[in-house]
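Here the structure comes first, spelled out in structure tokens, and everything after it is commentary.
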Amino acid sequence: MTAATDAQQRAYIAGQAADARVNVELETEGMTLNIGPQHPATHGTLRIIVRLDGERVVAAEPVMGYMHRGYEKLAEVRTYPQVTTLINRIDWLGSFANEVPFILAAERLMEVEAPPRAKWIRTALFELSRIANVVLFLGDMGVQLGAVTPVFFAFRDREFVLNQIEAVTGGRFHPNFDRIGGLKDDLPKGWIEETKGVLDRIRTFCDEMEVLVAGNEIFEARTRNIGVIPADVGLAYGMSGANIRASGVDWDLRRDSDMGLAHGDLDWKVWTHPDGDSFARYWVRLQEVRESCTMVEQCLDGIPSGPVMAKVPRIIKVPAGEAYVETENPLGIMGYYIVSKGELVPYRVKIRSASFNNVSITPWLLEGVYVPDVISILASLYFILGDIDR
Amino acid sequence: MAALQGFDSLTSGDTVVAQNIAFGILAVVMIVAALRMVTTLNVVHAALYLVIVLAGAAGIFILLGAEFVGVTQVLVYIGAIVVLFLFGIMLTRGALGEDEEANIEKRRMAVLVGVLVLVVTGGAVLDSFGDAAVNRAAPSLTAEIGDSIFSQYIVPFEAVSVLLLAALIGAIVIARKD
Amino acid sequence: MLLNQFLLLAAALFAIGVYGVLARRNGVLVLMSIELILNAVNINLVAFSAVRATVGGEVFALFIIAVAAAEVGVGLAMVLLLYRNRRSIDLTEIDQLRG
Amino acid sequence: MNTLTLAVELAYWQQTTLRAVIGLVAVLLPAGTLVYLFLFKMMSFMQSRLGPMEAGPYGSLQLLAEVGKFLQKEDIVPAKADRVVFKAAPFVVLVSTFLLVLVIPGGPDLVFIDVDTGIFLALAVSSISVIGILMAGWASASKYSLLGALRATGQLIAYELPLVLAVMGVVIQAGTLNMQGIVMAQAQGEIFGFGGIGSPFILTQFLGFAIFLIAVQAELTQPPFDMPVAESELVTGYLTEYSGMRFLMFFIGEFATAGIFAALASTLFLGGWYIPGLDPTDNLFNVIGPMVLMGKIILVSFLIFWFRFTYPRFREDQLQTLAWKVLIPLSLINIVVTGVLKVVF
């Protein structure tokens, strides 16, 4: 199934209204079930309309846009430094990572480059926000499958990561710390040592999850061979990040392109999994958190000394031109396409967020699965509502 | 059942007041529920009325000292058969869910036949058994029932077993898709 | 307690069941009415058993319960098949062998 | 026919009232204890948090606060719901719970009804709750509720069979369906000629005990068998549309039934109110019996809730496969082996 045409959409909505009218005599054969927009499984306002035959899904259609906040338009009336405040809130769990590609694009247009120290700190914070983001997924996946306990562990240990981010940036969720030409501030005293302790905690957490969640027989039964995405289909739908790496595609922008961060100087590995099922997605993310820990550790050891801010004018005017920069964010590839006319505000900002593409595969993926698997597949695709709707 | 034991302390001679009261309540509830069951238009309601009738029958069995039959009634009828009915109705709603009013002459005939059956059997019953009394000394023992099933009634028991197996296979064959 | 009161109750249930079988057109309701009839028989059996102070009647009541379960299983399967093939379970419409 | 052996002679209505009050206590006290001990505290400690701490010492009055909260809430009936059925459903579930407690003995003379069919009656009335669940799901006029109810029914029917079959082993060994008789058989039995600890059937019927616990877990629709109320997909299944008092009734039904099933398991497999070393006919057991039973209930329900808080849930077809292809054959084998051994020895 490809994306629905207008007529199909309207037919769905009409069927929806008709179903709302049926009296207490409900059907299950050919029943339409609304998962969302307000539903405990979607942790946000994603709505998925599924047509069921018994417990089997005949067709599924994601309806997006319940939380659209118009960031692309808003960005056109904000100055460049103001935009970072907005885009922080796209993927709210890994906010710092949202700022990076935008700043990098603006820097490319202005032809300034952040000093090495700023780059290394950026990399550390970038990976820390990935940890903060994905750790929550590792616990939340358990909740979606009925195990309540892991998510509490995830929230507990994510707190330590957030503390470290807060110690540097002053903001737990929305740091707004990245500046064109560098960073707002240097690292606080003693931060490096504390962070190393936190990384140890996260490693322990990963070991726990490996035993508690990934090692559980029921978890395996619920995720293995469920929601299999072949590599070519995933690529055709524009999936990225851990979702596509779990299908065996060895593609990671941190290694494959020069994102302008310090990843090239670090020693790390891109994890892939050949299966492409829900379990593979969980497993790959688990390994990536561990990998991120190593990266942050190397960053902490290798931060060069020097300033954290390059010379930039006090009032930032970006020269006319266009630039597109994409980075490997926690949820997948995030890119900003900036068109500038040389003014205080960007002329046009186009945001490519990972989750939008990642959930667009659902009509294809959910066809023929059972209702319980809808939830486990959605959970394993790991989207953030803000990242879908922007 | 808790009440039943106490009734024994009330026994005086042949008159068992509490048991008669219990019977009266059960009988009225059962007949009203049965009537509602065959007249209601909503099939789910009909199944729920059937539950009341069946539970009443279980009560009657216990009143008659047939504990094991009463409990079996609850387990098989309420726990399985009615659930099967409800399940079937809910799985296929629509046509199974509603029953249009049957046509008038058909209903008139049915009422006639029903009343006839009641009058004939009732008359026959009153005529033949007069005022025989149920003298329940103690509930019948489950062990006794078990013994007689596996000695005296072993052939019917085996026949029922084969029938159940056949019905199981038959139901699966009939209801299978494709 | 008199034997007659149980027998009359059973007779009433039996008559109501007969009415249900004859008057209703919904296959499921007809099956339920048959259950009513079987229960009336059971009450009789158990009552006689109590009067005679033997367990024979109770044993047969148990057999009837088992048979009723089998009957409902097959009967409901047939009704479901009917519904699947004809989108209706009105028994008055089922008057021919060829679907 | 046992009556309560008390110093004073009680009239029939007094006895009945006393039984009703004790029944209420026997249902609600274990339920409340389990909710506080396991749902509030053990679960919190497993999840590295404290749980309720404000109401009373260590949050021990939290339960009362919760009940008060539920009682104040509005009793909402959805507009399209079948009002009568919707309102009656929680009562049907509670009836099943209260009937269950009747056969559980708390001491040699402490028993509500000492019926011949004992455990069979308990298993029969436990199946009534299915009707209540179907009523709730259907009458709510909500798709989540209906799907939840259908799932619950399929599951409860499937696991009713291993539950009954697992008990059969005990019944064969004890030679009676009567609960008091089963306790006595364990209290006075011997294992290979050694009678020091009696013969708790958990030793000889361990397979039965394991199957019983798994089936109980499914009957309670708890994780890993909580597909019917799976909150991440069906919101809360057949409970979705319920609020206030009626939700509370379902909640009490769930936890009271957990307690009663734990009591059944302790009576069937752990010797019930009996502790080894004492004479089971001792009048002392009428006093300490309920406490011993309560201790065993807590022990068994610790297992039940431990599973509950640890495992993710099975999918519908997976749990059906588990019931039909693993548990039922295993329990049949258990019955055959028990029968053969019973005849041989």
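The values are calculated or read from the model by the stated rules, or taken from the named source; none is laboratory data. Remember, predicted model here, so these are calculated numbers, not experimental data. Glycine also receives a Cβ, built like all others from the backbone with ideal geometry; neighbour counts cover every protein chain displayed. Surface areas here come from the heavy atoms of the whole protein model, side chains and all, with no ligands, DNA or RNA. Shrake-Rupley method; radii C 1.70, N 1.55, O 1.52, S 1.80 Å.
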_So A:Asn243 ticks every box in (1) open to solvent by 10 Å² or more (accessible area, probe 1.4 Å); (2) assigned to a helix (DSSP H, G or I); (3) in contact (Cβ under 8 Å) with a residue 24 or more places away in the chain but one. Which box is left unticked?_
(1)
_Among the listed residues D:Leu319, D:Leu330, D:Leu341, D:Leu299, identify the single one that is open to solvent by less than 50 Å² (accessible area, probe 1.4 Å), outside any loop (DSSP other than H, G, I, E, B) and not polar (S, T, N, Q)._
D:Leu319
_I'd like to know if region D:31-51 contains one or more residues that are open to solvent by 70 Å² or more (accessible area, probe 1.4 Å), part of a helix (DSSP H, G or I) and within 14 Å of chain A (Cβ to nearest Cβ)._
yes
*Confirm whether D:Phe314 is farther than 30 Å from D:Glu74 by Cα, in contact (Cβ under 8 Å) with a residue 12 or more places away in the chain and within 14 Å of another protein chain (Cβ to nearest Cβ).*
yes
*Which of the residues belonging to region B:147-178 are open to solvent by 50 Å² or more (accessible area, probe 1.4 Å) and of a type in the set (Gly, Ala, Ser)?*
B:Ser151, B:Ala159, B:Ala166
*What single numbered condition from (1) open to solvent by less than 10 Å² (accessible area, probe 1.4 Å); (2) modelled with pLDDT of 85 or more; (3) more than 30 Å from A:Met31 (Cα to Cα); (4) within 12 Å of chain D (Cβ to nearest Cβ) fails to hold for B:Thr72?*
(1)
*Does at least one position in region D:77-97 carry a residue that is under 24 Å from D:Val167 (Cβ atoms) and not aliphatic (A, V, I, L, M)?*
yes
*Could you grab me the full set of residues in region A:213-231 that are more than 10 Å from chain D (Cβ to nearest Cβ), in contact (Cβ under 8 Å) with a residue 24 or more places away in the chain and not in a helix (DSSP H, G or I)?*
A:Arg224, A:Asn225, A:Gly227, A:Val228, A:Ile229, A:Pro230
*Taking A:Gly234 as meeting all but one of (1) open to solvent by less than 30 Å² (accessible area, probe 1.4 Å); (2) assigned to a loop (DSSP other than H, G, I, E, B), write down the number of the exception.*
(2)
*Scan region A:194-212 and give yes if some residue there is surrounded by 23 or more Cβ atoms within 10 Å (Cβ to Cβ), of a type in the set (Ser, Thr, Tyr) and touching a residue at least 24 places away in the same chain (Cβ under 8 Å), otherwise no.*
yes
_Looking at (1) over 23 Å from A:Gly332 (Cα atoms); (2) in contact with a strand residue (DSSP E or B) (Cβ under 6 Å, 6 or more places away or on another chain); (3) outside any helix (DSSP H, G or I), which one does A:Leu109 not meet, given that it meets all the others?_
(3)
_Filtered residue count, region C:25-55, keeping only those that are open to solvent by 20 Å² or more (accessible area, probe 1.4 Å), within 7 Å of chain B (Cβ to nearest Cβ) and under 16 Å from the mean Cα position of the chain (by Cα)_ = 1
_Leading residue by the ranking (nearest to the chain's Cα centre (by Cα)) among those in region B:44-62 that are more than 11 Å from chain D (Cβ to nearest Cβ), of a type outside the set (Phe, Trp, Tyr) and open to solvent by less than 10 Å² (accessible area, probe 1.4 Å)_ = B:Ala57
_For the structure I just gave you, tell me whether A:Arg89 is farther than 19 Å from A:Met334 by Cβ, assigned to a loop (DSSP other than H, G, I, E, B) and not acidic (Asp, Glu)._
no
*How many residues are touching an Asp or Glu at 6+ places or on another chain (Cβ under 7 Å) and either assigned to a helix (DSSP H, G or I) or among the aliphatic types (A, V, I, L, M) (or both) when one looks only at region A:155-174?*
1
_Contacts under 8 angstrom Cβ, first residue in region C:1-21 being more than 7 Å from chain B (Cβ to nearest Cβ) and in contact (Cβ under 8 Å) with a residue 24 or more places away in the chain, partner aliphatic (A, V, I, L, M) and open to solvent by 20 Å² or more (accessible area, probe 1.4 Å), 6 or more apart_ = C:Ala10/C:Val41
_If I filter region A:308-330 for residues that are acidic (Asp, Glu), under 30 Å from A:Leu365 (Cα atoms) and open to solvent by 30 Å² or more (accessible area, probe 1.4 Å), do I get at least one hit?_
yes
*Could you grab me the full set of residues in region D:209-244 that are modelled with pLDDT of 85 or more and farther than 23 Å from D:Leu161 by Cα?*
D:Tyr242
_Filtered residues of region D:61-102 (kept if over 23 Å from D:Phe261 (Cα atoms), within 14 Å of another protein chain (Cβ to nearest Cβ), among the β-branched types (Val, Ile, Thr) and open to solvent by 20 Å² or more (accessible area, probe 1.4 Å))_ = D:Val77, D:Val84
*Residue list for region D:124-133, restricted to those being facing another protein chain (nearest Cβ under 7 Å) and either touching a residue at least 24 places away in the same chain (Cβ under 8 Å) or open to solvent by 10 Å² or more (accessible area, probe 1.4 Å) (or both)*: D:Val125, D:Ser127, D:Ile128, D:Val130, D:Ile131
*Inside region D:221-277, can you point out the residues that are open to solvent by 10 Å² or more (accessible area, probe 1.4 Å) and among the small types (Gly, Ala, Ser)?*
D:Ser243, D:Gly277
*Tell me, yes or no, whether region A:219-230 has at least one residue that is basic (Lys, Arg) and open to solvent by less than 10 Å² (accessible area, probe 1.4 Å).*
yes
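Residue-by-condition table, conditions (1) in contact with a Ser or Thr (Cβ under 7 Å, 6 or more places away or on another chain); (2) open to solvent by 10 Å² or more (accessible area, probe 1.4 Å):
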| site | (1), (2) |
| --- | --- |
| A:Ile87 | no, no |
| A:Ile90 | yes, no |
| A:Val112 | no, yes |
| A:Arg122 | no, no |
| A:Leu136 | no, yes |
*If you take the residues of region A:138-155 that are within 20 Å of the chain's Cα centre (by Cα) and either open to solvent by 10 Å² or more (accessible area, probe 1.4 Å) or among the hydroxyl-bearing types (Ser, Thr, Tyr) (or both), which of them is nearest to A:Tyr80 (Cα to Cα)?*
A:Phe155
*Specify the residue that is farthest from the other protein chains (Cβ to nearest Cβ); the eligible residues are those in region D:302-311 that are over 18 Å from D:Pro30 (Cα atoms) and open to solvent by 40 Å² or more (accessible area, probe 1.4 Å).*
D:Phe307
*Among the numbered criteria (1) within 25 Å of A:Thr195 (Cα to Cα); (2) assigned to a loop (DSSP other than H, G, I, E, B); (3) of a type in the set (Asp, Glu), which single criterion is violated by A:Glu288?*
(2)
*Could you grab me the full set of residues in region D:104-123 that are more than 8 Å from every other protein chain (Cβ to nearest Cβ) and β-branched (Val, Ile, Thr)?*
D:Ile104, D:Val111, D:Ile119
